[in-house]
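The values are calculated or read from the model by the stated rules, or taken from the named source; none is laboratory data. Please read these numbers as outputs of a predicted model, since none were measured by experiment. Neighbour counts are summed over all protein chains in view; Cβ atoms, including those assigned to glycine, are modelled from backbone coordinates with ideal geometry.
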Amino acid sequence: MTFFKKTILMTAAVAALTIGASGASFADANVDARIEALETALKQLRAEVAARDAKIDAMEKKTADLDQMPKFNPNKLEMESRDGKFSMGIAGRVQADAYAIDDGGSTLNPMGNGAELRRVRFGAYGKMFGSWKYKFEAEYAGDKIAIKDAFVQTGLVKGLDLKLGHYKEFYGIDNLTSDNYVSFMERSVSSVYWPEEAMGAGLLYSDGKLFGVQAGLFSPGVANGGAGGTTDWSVTGRAYAAPHVGAGVVHVGVNGSYRGYETSTTAKFEQRPEAHMAEKVLRTGNISNPSSETRFGPEIAAVFGPFAAQAQYDWSEIDRAGGLPSVSTEGGYVEASWFVTGESRNYDVRNGAFGRPKASNALQLAARVSYLDLNDPALTDARRGTETNTTLGGNYYFNPQVRLMLNWVRAQVDYAASPDETYNIVESRIQLDW
C-alpha cells in the first residue's frame, strides 16, 4: 500500500512538472508575439508621425508670409498693413432724388417734375508711409464725371497739418460739412459764394479742444497752367473758436477769400432755388474785366443736445479794370434743426464742421431761410434781383449710413427788370454712403 501511494505521488509530481514546463513554454511564445506586434505598430506610428511632420513643415513653408498679410477691418471696407504704415479704405455714396415743381406758370423760367441721380461718388482713402493721409474721389453728377477730392495730408507738428492737392477751399461751416451730413438736400442760395474744390496747398491748425485756423493758396480746376487751363488764383482761409457752453458747444468763425483774375475775362454769379433740377432763376450776367474779388463771411453755429442752429452771411466785391465800377453782392442764411428722437448733430472742433450723427431709426426736423441779393446798380441782366428761399425738411435715419430726406422749398424771386416769380418745390432723396 505504501509503495502504491509513493508510486502515485511520484507520477503526479512528474505530471505536474511536465505540465508546468509546457505552460511556461506556451507563455514565452505568447509574450514574444505580443512584443513583435507592438514593435510593428510602433513602426507604423512612427511612419505616420513622420508623414504628418512633413505635411506640417510644408504648410509652415507655405504660410510663412501670413504674418505680413494686411489686417482687415470686419466692420468697414478697410485694410491695413501689419506694421500700420499703410492702409486703404473704399468710400462711396449714392443720392437718388425726385422732384415736383410748381413754377406758377412762369414763362421766364419754366420748370417741371423729374428725378435724377444727384450724386454717385466712389473713391479710396487711407494712409501711406505712416504719416501721410490720402483721399481720392470721383463723382458722377449732372451727366458729368469730375474729380472731387484728390489730396495728401500730413502732420508737421502737433496740431498743424499740411494739405496738398485738389480739395475744397477753407470757407464756410456748411460748405465744409459733407453733403452726407448736412440737414437739407441742397445748400442755401448764398452758397453761390462758397468755393468748391480747387488745386491748392494749405495749412490747418487746431488744438482739438477750442479753436482752429485754416488757410491756403488755390487755383481752380485740375488742369492748370497749360492749354485750356487757368492762372486765376485765390488765397482763402477761416478761423473759428468753439467754446463749450453748459452741455453744448457754440462755434463762431469768420471766412475770407481774395481772388485774382489772371486768365478769366468775365465773372458771374447765378443761382437756382434750393433744388438741383430747378432752373437758375437769378443771375448777374457776365461781369466784364474783373481784376480781383474779395469775399467775406462770418458764421455761427450751436449744438445743445438734439437742437442745433447755424447761420452765415456772405459779401462779395468784384473790382474791375479799365475804370469800370466794382460790383457788390451779398447773401446769407439761418437754419435750425431738432432730432425728435433725441440724437444730436456731431460737431468736430478739429475741422470746424459737422460730421456723421450717431442716429438709427431717428427723425430730424429742420427749417431754413436764405437770401441772395444780385442786384448791384452796375448789373444789367434781365434776371438780376433778389431771391428768398424758405425750406422745411425732414430726415429719417434708418442708420448712420442710410437716410430718407424730404424737403419743401418756397422760392420767391424779386426781379429788378422783370415780373416777380414764386416757385413751390417738393423734393425727396434716398441716400446711402459708406
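Of note:
- Residue check for Leu217: outside the structural domain of Val250 (by TED's automatic domain parsing) and part of a strand (DSSP E or B): no
- Residue in the stretch 157-164 that is farther than 30 Å from Asp207 by Cβ and buried (at least 16 other Cβ atoms within 10 Å of the Cβ) present: no
A quick yes/no check of all residues on (1) farther than 27 Å from Ala239 by Cα; (2) outside the structural domain of Tyr333 (by TED's automatic domain parsing); (3) of a type outside the set (Ser, Thr, Tyr):
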{"residue": "Ala359", "(1), (2), (3)": "yes, no, yes"}
{"residue": "Leu363", "(1), (2), (3)": "yes, no, yes"}
{"residue": "Val369", "(1), (2), (3)": "no, no, yes"}
{"residue": "Asn375", "(1), (2), (3)": "yes, no, yes"}
{"residue": "Leu379", "(1), (2), (3)": "yes, no, yes"}
{"residue": "Thr386", "(1), (2), (3)": "yes, no, no"}
{"residue": "Thr390", "(1), (2), (3)": "yes, no, no"}
{"residue": "Gly393", "(1), (2), (3)": "yes, no, yes"}
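- Hits in the stretch 379-434 - residues which are closer than 23 Å to Arg368 by Cα, in contact (Cβ under 8 Å) with a residue 24 or more places away in the chain and of a type in the set (S, T, N, Q): Thr386, Thr388, Asn389, Thr391, Asn395, Asn407, Gln412, Thr422, Asn424, Ser428, Gln431
- All positions within the stretch 81-138 that are over 30 Å from Asn407 (Cα atoms), in contact (Cβ under 8 Å) with a residue 24 or more places away in the chain and not in a strand (DSSP E or B): Gly84, Lys85, Phe86, Phe129, Gly130, Ser131
- Residues in the stretch 85-116 that are within 30 Å of Lys71 (Cβ to Cβ) and in contact with a Pro (Cβ under 9 Å, 6 or more places away or on another chain) were compared, and the one that is surrounded by the most Cβ atoms within 10 Å (Cβ to Cβ) is Ser87.
- Unique match (being of a type outside the set (Val, Ile, Thr), within 18 Å of Val249 (Cβ to Cβ) and surrounded by 17 or more Cβ atoms within 10 Å (Cβ to Cβ)) among Ser190, Ser183, Ser219: Ser183
- For beta carbons closer than 8 Å, sequence separation of 6+ or different chains, a first residue in the stretch 172-186 that is assigned by TED's automatic domain parsing to the domain that holds Val369 and a second that is part of a loop (DSSP other than H, G, I, E, B) and among the β-branched types (Val, Ile, Thr), the qualifying pairs are Asp174/Val182.
- Filter pass, Lys158 being out of contact with any strand residue (DSSP E or B) (no Cβ under 7 Å at 6 or more places or on another chain) and over 29 Å from Met277 (Cβ atoms): yes
- When Val192 is tested against (1) hydrophobic (A, V, I, L, M, F, W, C); (2) over 25 Å from Asp314 (Cβ atoms); (3) outside any strand (DSSP E or B), only condition (2) is not met.
Residue by residue, here is whether (1) polar (S, T, N, Q); (2) at pLDDT below 95; (3) over 29 Å from the mean Cα position of the chain (by Cα) holds:
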{"residue": "Gly202", "(1), (2), (3)": "no, no, no"}
{"residue": "Gly216", "(1), (2), (3)": "no, no, no"}
{"residue": "Ala223", "(1), (2), (3)": "no, yes, no"}
{"residue": "Thr236", "(1), (2), (3)": "yes, no, no"}
{"residue": "Pro243", "(1), (2), (3)": "no, no, no"}
{"residue": "Val250", "(1), (2), (3)": "no, no, no"}
{"residue": "Thr263", "(1), (2), (3)": "yes, yes, yes"}
{"residue": "Glu274", "(1), (2), (3)": "no, no, no"}
{"residue": "Arg283", "(1), (2), (3)": "no, no, yes"}
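- Residues in the stretch 117-156 that are acidic (Asp, Glu) and surrounded by fewer than 18 Cβ atoms within 10 Å (Cβ to Cβ): Asp143 only.
- Restricting the stretch 275-333 to residues that are among the acidic types (Asp, Glu) and crowded, with 20+ Cβ neighbours inside 10 Å leaves a set whose member that is nearest to His244 (Cα to Cα) is Glu299.
- Test: Leu372 is of a type in the set (A, V, I, L, M), over 26 Å from Gly105 (Cβ atoms) and in contact (Cβ under 8 Å) with a residue 40 or more places away in the chain: no
- Tally, over the stretch 348-379, of residues that are part of a loop (DSSP other than H, G, I, E, B) and charged (D, E, K, R): 4
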